[in-house]
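Below is one structure, written out as structure tokens, with a few remarks after it.
All of the numbers you see were taken from the coordinates with simple rules; none came from a lab. The model shown is predicted, which means the values in this text are computed figures rather than measured ones. When we count neighbours, we look across all protein chains shown, and the Cβ atoms used for this are built from the backbone with ideal geometry, even at glycine.
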Amino acid sequence: KNEVEQSPQNLTAQEGEFITINCSYSVGISALHWLQQHPGGGIVSLFMLSSGKKKHGRLIATINIQEKHSSLHITASHPRDSAVYICAVRNSGNTPLVFGKGTRLSVIA
Amino acid sequence: DTGVSQDPRHKITKRGQNVTFRCDPISEHNRLYWYRQTLGQGPEFLTYFQNEAQLEKSRLLSDRFSAERPKGSFSTLEIQRTEQGDSAMYLCASSLWTKKEKLFFGSGTQLSVL
């Protein structure tokens, strides 16, 4: 079973700061997902990566397959970015996602 | 709104009672997943369906748990003889299974067992 570790567990930032959240996994994967969870439970998929880098607005996700590591970056952070960010991996094509515990981000104005 | 709806949003029950949750996925989605999430943890996989077939069940899913997706559309998750340890958020997600599968989550059902 894949072990997914995220760091940090909690992160507090000032508005405008550049934020990095890290995800490491133990076994080779076919895909990695970054998701955002707001209070109340709603989870939204942000990115799905199998290699390289993806960008959407102020969010950037990168993955290094050899090092089994991914990062999620938020540029010019804003209080509305406050949420839990969750990394999830798929071991092979047909297996369910394995989730990390999440990183709780608070952006203060 | 992701298009995946779950009912009820909250359920409070007494230990030993049975509860049933419902999930309505996005209509054209062929895969439906159930996850459980407790405070401070990421979602844990319980089971999933492709159309009406239940393809995998986690070891977390004891004999007291059963899930169905009778017509390949909505799904129900039933917990019999609830225990306090069953208290959690139960999340449903659906997807159109392709190589680039993207999951769409419902808002979850928060279960509290007293």
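Going by how many other Cβ atoms sit within 10 Å of their own, how do A:34, B:97 line up, fewest first? Don't jump to the answer; show the numbers that get you there.
On the way: A:34 23, B:97 14.
Sorted ascending by nearby Cβ count, the order is B:97, A:34.
Dipole magnitude for chain A: about 260 debye, using +1 per Lys or Arg Cβ and -1 per Asp or Glu Cβ, origin at the Cα centre. Gain on full extension, evaluated as 0.36 nm per residue between residue A:106 and residue A:51 minus their Cα-Cα distance, stands at 17.0 nm. Within 10 Å of the Cβ of each residue in A:100-109, the mean number of Cβ atoms contributed by other protein chains is 1. At a threshold of 8 angstrom on Cα-Cα distance, excluding pairs fewer than six apart, so keeping six or more, what relative contact order does chain B reach in percent? For chain B, the relative contact order is 37 percent. Counted over chain B, the DSSP beta bridges are approximately 90% antiparallel.
Going highest first, how would you order B:86-96, B:31-41 by mean Cβ packing within 10 Å?
B:86-96, B:31-41
Residues considered: A:56, A:69, A:78. Largest GNM mean-square fluctuation over chain A, using C-alpha springs under 10 Å, is found at A:56. Name the most mobile residue of A:14, A:36, A:66, meaning the one with the largest mean-square fluctuation, in a Gaussian network model of chain A with Cα contacts below 10 Å. Looking only at A:14, A:36, A:66, the biggest GNM fluctuation is shown by A:66. Centroid-to-centroid, using Cα positions, segment B:65-114 and segment A:60-109 are 23 Å apart. If you run the Gaussian network model on chain A, springs between alpha carbon atoms under 10 Å, then out of A:57, A:16, A:28 the most flexible one is A:57.
In the protein assembly as shown, taking the dipole from charged Cβ atoms about the Cα centre, the farthest positive-side position among A:98, A:16, A:74 is held by A:98.
Across peptide B:5-16, the average count of Cβ atoms from other chains found within 10 Å of a residue's Cβ is 0. For residue B:58, the amide hydrogen comes within under 5 Å of the amide hydrogens of B:47, counting only partners 5 or more places away or on other chains and with H modelled in the peptide plane.
Pairs exceeding a 29 Å alpha-carbon distance, out of B:14/B:71; A:54/B:11; A:1/A:54: B:14/B:71; A:54/B:11.
Each of residue A:26 and residue B:13 was given a label point 7 Å from its Cα along the Cα-to-Cβ line. The distance between the two points is 3.3 nm. Each peptide in B:51-60, B:105-114 was scored by the mean count of other Cβ atoms within 10 Å over its residues; highest first, the order is B:105-114, B:51-60. Note on B:36-47: average number of Cβ atoms from other chains within 10 Å of each residue's Cβ is 4. Pairs of Cα atoms nearer than 8 Å and 6+ residues apart set the relative contact order; for chain A it is 37 percent.
Listed from fewest to most Cβ neighbours within 10 Å, the set A:26, A:71 follows the order A:26, A:71.
Each label was represented as a point 7 Å from its Cα along the Cα-to-Cβ direction; for residue A:64 and residue B:28 these points are 3.9 nm apart. Available extension along the chain between residue B:20 and residue B:56 is 11.0 nm, counting 0.36 nm per residue and deducting the alpha carbon span. Between segment A:1-33 and segment B:26-50, the C-alpha centres lie 20 angstrom from each other. Remark: the residue B:44-residue B:78 segment gains 10.6 nm on full extension, using 0.36 nm per residue and subtracting the alpha carbon distance.
Loop-resident trypsin sites (Lys or Arg not before Pro) (DSSP state other than H, G, I, E or B) in segment A:1-67 with no more than 11 further Cβ atoms inside 10 Å of their Cβ: A:1.
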